[in-house]
Amino acid sequence: MALTRREFISGTAAGAAGLVVGGVVGKVVGGGGEDSAATTGGTVTNVSSDITAIAEARGLEPGDIAKAVKTFVPGGKPNLDEFYVFSSGGHSGQLMVMGVPSMRILKIIGVFTPESWQGWGYGSESDAIFKGGTTTNGGAVSPSRPTLTWADTHHPALSETNGEYDGRWVYIQDRANGRIAMVDLRDFKTKQIYDVPNLQSSHGGCFVTPNSEYVHISTKTPTLRPGVDPTTALENFADSFRGYSTFLALNPQTGRFDIDRSFQVELPPYTQDLADAGKLLSNGWVFIGSYNTEMAYGGNLEGNPPIEVGASKADFDYLHMVNWKKAEEVVGSRSVMQNGIRVIPLDVAVEEGILYLAPEPRSPHGADVSPSGRYIVVGGKLDPHVTIYDIEMIQKAIEAEDFEARDQFGVPILRFDSVVSGRVEVGAGPLHTQFDDKGYGYTSLFLESAVAKYSLGAPDFSPEESYKLVDKVPVHYNIGHLVAMEGDTVKPAGKYVIALNKWSIDRYAGIGTLNPQNFQLVDLTGEKMEVLSDTPIGMAEPHYVQAIRADRIKSWDVYPPGTDQITMEPSTHAIAAGAERIERNGDTVEVYMSVQRSNFKPDIIRVKKGERIVLHLTNVEVTPDATHGFAVPRYNISMSIDPGEYARIEFVADVEGAFAMYCTEFCSALHLEMQGWIIVSPEA
Ligand code: K7E
Ligand code: CUA
């Protein structure tokens, strides 16, 4: 990196790059950081300060200026982003973090898919997490494609205490393979990928219960039962397949899955859809929408109607209500082990009063529980209404055994009229619902490309005011989920809704044939809802998003010295500077390496072909942001070692040669010099 004479004198470039001279780490030479003010004397001199003139020159309306001012977050004032958004990364398999209202992307967290810049899945201990996330729990995996390295992530779930987000962990499910991952919000990194037993695919997850007792995840397409011959399985659908509602117990200290305390409730082989955990009045219940209760399986080249026709025949599908508190009581005595997890069989669930159904208008999608826990709002894609169920009515109906019938699996079906407290005609294609702090619901309208706002019932509204559409705002285009700030907790924050739009045709400069998704920030503080900004999401298709108040997140700047990113505990193999060494044990070469600006120590590793190298890397820096990379060409190795972090990598030196390892982060002015050699000599 060449310094101009002026930069060298002012120290600006050196400060920014963390120039290290003579082994002094992190010493910032000169001022740095104040460069723009310094060059302009603290006042704006190189741009016109006439806002109207600037707006005019750029073709902006006065309204645009107000929107810009409402959302702009200048450098150095990160606190102006009041909320974090955790967004599903869709079929990229990742998790995305944004700030609100700026809508700036803060991070893409590597979860189910290798992410080379984070060293995620490229040789480090994280490889074991990928391998551990591919099992036969949910069915055999193709031996020719043995490790699952992608996912279709749909629904992130932040951990909760008393029904409020607590900022400790976030979970995300894999719709494609029926898996779930856990991310620790101390370092915003994935700790666990779990292949949920008996789930080949999943949709009703993840949703945590109000005190993070469990995270819920259920099947999407039902799973082939153990031992059933697939040849005739479709024709005998009702006998061949089952759904599962899974309650993964969480370790209250670490947030990790505790499988021994976890269980599943067997469900009929309908296609279970979105779920939500009850809260307050409905605490102890989980609600799962469903479709294709017709159990259509397609066969459009075999003389059958296509799935979408067969699955839309009946006027009603079923909202599933699962009483997990009851299930918890009986699971010890009335479950069977199936693929490593306790399963409460369907007939037991019916007998014990764990599972009930209620009709929901055709092709329902979202099922969302209101802040008080009283209302469960269901959107029906082919019905212009949202249907609002009332837990008090549900409980009364269950007590009175007010059933209209039982389904063919014996599950009692509550009468629609005895559990539905209201319907609101919101518009075409209602999908998902969120809530604000004033008792209103907000539902996305996929077909209409709009967000509808309406009142719910008591206690916020009188009977006359209840269930009234009050506002609607167009969005661009084809909205799926939406999120209100903390809008699925017991204490929503109001303020904003974000519309997660699938299509963005004509909203952005052309980038070829594959367009970005479009997040639109909607202001809720005025009388009418108003779209403030568009943000292109240049990666996959986010589905659900959760928004948490920024001050709830207490993330680390640097790791406590020698922390293993996977265990989050200090590693016994971490070293302090000065303890670098190479130990040989048979054909294993253990290297204890320190990493700091601007060298690896040792910087030469000499082995014989076929020997196993175990690298213990410790970033001994304490300066925030002083991250180093570690890459080895031709070995597909890329790691990221943050300040304070210990990382381990193990590989067989099976290719002879001189390999120029190097640091992949431009960490200092002498970053380019931060390199070394792995010398692999011919076998002895
Ligand atoms: Cu509506 Cu998977 Cu939640 Cu997509 S789902 S939009
Ligand atoms: Cu360390 Cu570049």
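Going by the structure shown, is residue 439 open to solvent by less than 50 Å² (accessible area, probe 1.4 Å), without any contact (Cβ under 8 Å) to a residue 24 or more places away in the chain, more than 16 Å from ligand 1 (Cβ to nearest atom) and on the phi > 0 side of the Ramachandran plot? Break it down stepwise before answering.
Working: open to solvent by less than 50 Å² (accessible area, probe 1.4 Å): yes; without any contact (Cβ under 8 Å) to a residue 24 or more places away in the chain: yes; more than 16 Å from ligand 1 (Cβ to nearest atom): yes; on the phi > 0 side of the Ramachandran plot: yes.
Judged against the criteria, residue 439 is a match.
Output the number of residues of the stretch 671-684 satisfying the condition of being out of contact with any helix residue (DSSP H, G or I) (no Cβ under 9 Å at 6 or more places or on another chain) and closer than 20 Å to residue 596 by Cα. Reasoning before the result, please.
First, the residues of the stretch 671-684 that are out of contact with any helix residue (DSSP H, G or I) (no Cβ under 9 Å at 6 or more places or on another chain): 672-684.
Those still in the list that are closer than 20 Å to residue 596 by Cα too: 672-678.
Matching residues across the stretch 671-684 total 7.
For the stretch 240-359, give me every one of the helices (runs of 4 or more DSSP H) that falls completely inside it and has 3 or more residues that are closer than 26 Å to residue 402 by Cα and open to solvent by 10 Å² or more (accessible area, probe 1.4 Å). Lay out the reasoning, then the answer.
Details: elements: 307-310, 324-334, 346-351.
Passing ranges, in order: 324-334, 346-351.
Do any strands (runs of 3 or more DSSP E) lying entirely in the stretch 56-171 carry at least 2 residues that are within 27 Å of residue 552 (Cα to Cα) and open to solvent by 40 Å² or more (accessible area, probe 1.4 Å), and which ones are they?
On the way: elements: 83-88, 95-100, 105-109, 153-161.
The qualifying strands (runs of 3 or more DSSP E) are 105-109.
Conditions tested, residue by residue: (1) open to solvent by 40 Å² or more (accessible area, probe 1.4 Å); (2) touching a Leu at 6+ places or on another chain (Cβ under 9 Å); (3) part of a strand (DSSP E or B).
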| residue | (1), (2), (3) |
| --- | --- |
| 592 | no, yes, yes |
| 621 | no, no, no |
| 647 | no, yes, yes |
| 667 | no, no, no |
| 678 | no, no, yes |
| 683 | yes, no, no |
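Can residue 200 be described as on the phi < 0 side of the Ramachandran plot, away from ligand 1 (no atom under 15 Å from the Cβ), part of a loop (DSSP other than H, G, I, E, B) and out of contact with any helix residue (DSSP H, G or I) (no Cβ under 6 Å at 6 or more places or on another chain)?
Details: on the phi < 0 side of the Ramachandran plot: yes; away from ligand 1 (no atom under 15 Å from the Cβ): yes; part of a loop (DSSP other than H, G, I, E, B): yes; out of contact with any helix residue (DSSP H, G or I) (no Cβ under 6 Å at 6 or more places or on another chain): yes.
For residue 200, the condition - on the phi < 0 side of the Ramachandran plot, away from ligand 1 (no atom under 15 Å from the Cβ), part of a loop (DSSP other than H, G, I, E, B) and out of contact with any helix residue (DSSP H, G or I) (no Cβ under 6 Å at 6 or more places or on another chain) - is met.
Just a yes or no: is a residue in the stretch 507-514 open to solvent by less than 20 Å² (accessible area, probe 1.4 Å), more than 16 Å from ligand 2 (Cβ to nearest atom) and not β-branched (Val, Ile, Thr)? Spell out how you get there, then give the answer.
Step one: of the stretch 507-514, the residues open to solvent by less than 20 Å² (accessible area, probe 1.4 Å) are none.
Checking the stretch 507-514: not a single residue is open to solvent by less than 20 Å² (accessible area, probe 1.4 Å), more than 16 Å from ligand 2 (Cβ to nearest atom) and not β-branched (Val, Ile, Thr).
Among the candidates 632, 558, which residue alone is within 16 Å of ligand 2 (Cβ to nearest atom), in contact (Cβ under 8 Å) with a residue 40 or more places away in the chain and within 30 Å of residue 158 (Cα to Cα)? Walk me through it before giving the result.
Values: 632 fails: within 30 Å of residue 158 (Cα to Cα).
Only one candidate passes the filter, namely 558.
Kindly indicate the residue of the stretch 536-585 that is of a type in the set (Asp, Glu) and assigned to a strand (DSSP E or B) and also farthest from ligand 1 (Cβ to nearest atom) among those meeting that condition.
Of all residues in the stretch 536-585, those of a type in the set (Asp, Glu) come to 541, 551, 557, 564, 569, 580, 583.
Adding the requirement that they be assigned to a strand (DSSP E or B) leaves 564, 583.
Values: 564: 34, 583: 50 Å.
Ranking the qualifying residues of the stretch 536-585, first place goes to 583.
Can you confirm whether the stretch 594-602 contains a residue that is touching an Asp or Glu at 6+ places or on another chain (Cβ under 6 Å), within 16 Å of ligand 2 (Cβ to nearest atom), outside any loop (DSSP other than H, G, I, E, B) and without any contact (Cβ under 8 Å) to a residue 40 or more places away in the chain?
Within the stretch 594-602 (the criterion being touching an Asp or Glu at 6+ places or on another chain (Cβ under 6 Å), within 16 Å of ligand 2 (Cβ to nearest atom), outside any loop (DSSP other than H, G, I, E, B) and without any contact (Cβ under 8 Å) to a residue 40 or more places away in the chain), the answer is yes, since at least one residue qualifies.
Please tell me if residue 586 is of a type in the set (Gly, Ala, Ser) and more than 15 Å from ligand 2 (Cβ to nearest atom). It would help to see each step written out before you state the result.
Working: of a type in the set (Gly, Ala, Ser): yes; more than 15 Å from ligand 2 (Cβ to nearest atom): yes.
Yes: the conditions hold for residue 586.
Inspect the stretch 504-518 for any residue being under 16 Å from residue 82 (Cβ atoms), assigned to a strand (DSSP E or B) and either touching a strand residue (DSSP E or B) at 6+ places or on another chain (Cβ under 8 Å) or among the basic types (Lys, Arg) (or both) and give the result as yes or no. Reasoning before the result, please.
Here is the first cut: in the stretch 504-518, the residues under 16 Å from residue 82 (Cβ atoms) are none.
So far as the stretch 504-518 goes, no, none of its residues is under 16 Å from residue 82 (Cβ atoms), assigned to a strand (DSSP E or B) and either touching a strand residue (DSSP E or B) at 6+ places or on another chain (Cβ under 8 Å) or among the basic types (Lys, Arg) (or both).
For the stretch 570-590: of the residues being closer than 23 Å to residue 186 by Cβ and surrounded by 12 or more Cβ atoms within 10 Å (Cβ to Cβ), which is farthest from the chain's Cα centre (by Cα)? So that I can check it myself, show each step before the final result.
We begin by selecting, within the stretch 570-590, every residue closer than 23 Å to residue 186 by Cβ; these are 570-576.
So of that shortlist, the ones also surrounded by 12 or more Cβ atoms within 10 Å (Cβ to Cβ) come out as 570-571, 573-575.
Numbers: 570: 27, 571: 28, 573: 32, 574: 31, 575: 34 Å.
That would be 575.
The values are calculated or read from the model by the stated rules, or taken from the named source; none is laboratory data. This structure is a prediction, so every number in the text was calculated from the model and none was measured. Glycine gets a Cβ as well: all are built from the backbone with ideal geometry, and neighbour counts include every protein chain shown. Note: areas computed on protein heavy atoms with side chains; ligands, DNA, RNA excluded. Shrake-Rupley method; radii C 1.70, N 1.55, O 1.52, S 1.80 Å.
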